[in-house]
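The values are calculated or read from the model by the stated rules, or taken from the named source; none is laboratory data. A quick note: this is a predicted structure, and the numbers were derived from the prediction, not measured. Backbone-built Cβ (ideal geometry, glycine too); neighbour counts: all protein chains shown. When the accessible area is computed, the model is the full protein with side chains, heavy atoms only, and any ligands, DNA or RNA have been set aside. Shrake-Rupley method; radii C 1.70, N 1.55, O 1.52, S 1.80 Å.
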Amino acid sequence: MTYAVRMRVTMREVADRAGVSIKTVSRVVNGEPHIRPEKVRRVHAAIDELGWVPNRTARALRTGLVGVVGIAVTELRRPYLAGLVEALVTEADRRGMLAAVEPTRGDPARLEAVLAARGKTFDGVVVIGPTAPVADGLDDRPVVVVQGGSSDSTADSVDEDVAEAAALVARHLAVMGRSRPALLGADQPQMRTALAQSGIDPAAVPCVDLGEVADRRAGARAAAQLLEQHPDVDALLCVNDEVALGALAALVKHGVDVPGRVAAVGYGNLEDGRFSTPSLTTIDPGPARLARSALELLADRLAGTAPRRPRAVVSPVELVRRESTLGRDPR
């Protein structure tokens with residue numbers, strides 16, 4: 001019996017299928033900027049159709065790059081962080097790069113070890129969350145900080161539009177006729193500012209500190225505490241969806257009608273919030289948008305086309321309106 005052996009797909013075949021030059025395919029795979037979106041789509045479509053895998057060894061010899069980006073994250077147990085990491089891995093793969101996820105467990109030494117691997121194990125590193133200033137974050141071993149609150153002026157950064165998120169929530173509360181909200185989680189100056197602009201006295205808005213872990217258990221405790229200390233509260237503005245889901249459970253346990261008596265708003269747009277009872281109104285920070293911006297900044301640095309100054313990208317957010325503020329559809 002004779003078997004037909006399929007030879008390895010070449011970059012030439014990808015270029016021919018996409019109707020572009022080999023150089024264009026190379027630029028797309030290496031994540032270089034300033035390529036027409038139509039050409040990028042055609043190249044990626046050809047890669048997917050032909051099943052082409054870039055020769056990373058050859059690319060490393062040619063460019064000095066290993067084709068791997070490091071992703072430093074505190075932990076992966078938090079659903080939102082896991083989702084953001086997944087978005088970053090997906091975006092890296094779309095750009096023809098491998099991604100290595102490195103949980104730091106909040107240990108500065110672990111983070112330093114990841115950063116020290118730039119130029120050897122990693123071409124660059126994406127750090128999720130606040131970090132101390134990063135040495136050489138703007139050179140050919142770049143660092144991009146995602147959701148770090150733009151605290152690091154020595155690296156490029158990507159943050160969601162927190163001020164717009166607060167404004168969206170405050171306006172939604174006003175439309176729903178809510179005037180006595182409370183904050184569950186770290187105090188949020190942007191939220192207090194937005195509430196003031198909606199006619200709510202920010203000094204009259206209580207805030208419950210959740211401690212070190214802002215999870216469902218902390219949210220349930222905080223909601224129970226608020227019901228006891230501030231029985232007139234009519235809306236809970238939660239630091240994340242996990243806290244909001246815990247708060248919803250506590251409200252139901254205490255027989256509180258949601259949203260009749262108390263409305264609840266989360267942050268993060270976790271999948272669980274779609275299926276909670278009631279479903280959870282939340283802010284969607286757009287993990288895919290954050291990941292796309294982060295890898296684009298990293299690619300610019302690696303291609304040598306980025307300016308010497310640090311760049312800060314502010315990514316748009318969306319308010320996802322659900323039953324915890326709107327009530328159930330009577331249909």
Within segment 117-148, residues over 18 Å from residue 291 (Cβ atoms) and of a type in the set (Gly, Ala, Ser) come out as 117, 119, 132, 135, 137
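Of everything in segment 173-187 that's surrounded by 20 or more Cβ atoms within 10 Å (Cβ to Cβ) and out of contact with any His (no Cβ under 8 Å at 6 or more places or on another chain), which residue is modelled with the lowest pLDDT?
Across segment 173-187, the extreme among qualifying residues is 185.
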Residue hits (segment 153-172; open to solvent by 50 Å² or more (accessible area, probe 1.4 Å) and over 23 Å from residue 84 (Cβ atoms)) are 171
Residues of segment 240-256 being farther than 22 Å from residue 171 by Cα and open to solvent by 30 Å² or more (accessible area, probe 1.4 Å), in sequence order, are 249, 252, 253, 254, 255
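Residue-by-condition table, conditions (1) within 20 Å of residue 142 (Cα to Cα); (2) free of Cβ contacts under 8 Å to residues at least 60 places away in the same chain; (3) open to solvent by 20 Å² or more (accessible area, probe 1.4 Å):
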site: 279; (1), (2), (3): no, yes, no
site: 284; (1), (2), (3): no, yes, yes
site: 290; (1), (2), (3): yes, no, no
site: 293; (1), (2), (3): yes, no, yes
site: 301; (1), (2), (3): yes, no, no
site: 312; (1), (2), (3): yes, no, yes
site: 319; (1), (2), (3): no, no, yes
- Query: For residue 210, are the conditions met, namely being open to solvent by less than 10 Å² (accessible area, probe 1.4 Å) and either of a type outside the set (Ser, Thr, Tyr) or modelled with pLDDT of 95 or more (or both)?
  - Reply: no
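Taking the condition over 24 Å from residue 79 (Cβ atoms), open to solvent by less than 40 Å² (accessible area, probe 1.4 Å) and free of Cβ contacts under 8 Å to residues at least 60 places away in the same chain, does residue 205 pass? I'd like the intermediate steps shown before the answer.
Working: over 24 Å from residue 79 (Cβ atoms): yes; open to solvent by less than 40 Å² (accessible area, probe 1.4 Å): yes; free of Cβ contacts under 8 Å to residues at least 60 places away in the same chain: yes.
When the stated conditions are applied, residue 205 passes them.
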The lone condition residue 118 fails out of (1) closer than 29 Å to residue 271 by Cβ; (2) touching a residue at least 24 places away in the same chain (Cβ under 8 Å) is (1)
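Out of segment 40-76, which residues are open to solvent by 20 Å² or more (accessible area, probe 1.4 Å), at pLDDT 60 or above and within 14 Å of residue 124 (Cβ to Cβ)? Lay out the reasoning, then the answer.
Looking only at segment 40-76, we keep the residues that are open to solvent by 20 Å² or more (accessible area, probe 1.4 Å), and these are 40-42, 44-45, 47-58, 60-66, 68, 74-76.
Narrowing further to those that are at pLDDT 60 or above: 40-42, 44-45, 47-54, 65-66, 68, 74-76.
Scanning segment 40-76 gives 65, 66, 68.
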- Item | Test: residue in segment 101-114 that is open to solvent by less than 60 Å² (accessible area, probe 1.4 Å), in contact with a Pro (Cβ under 9 Å, 6 or more places away or on another chain) and either within 30 Å of residue 51 (Cα to Cα) or modelled with pLDDT under 95 (or both) | no
Q. For residue 308, are the conditions met, namely being in a loop (DSSP other than H, G, I, E, B), within 23 Å of residue 144 (Cα to Cα) and over 24 Å from the mean Cα position of the chain (by Cα)?
A. yes
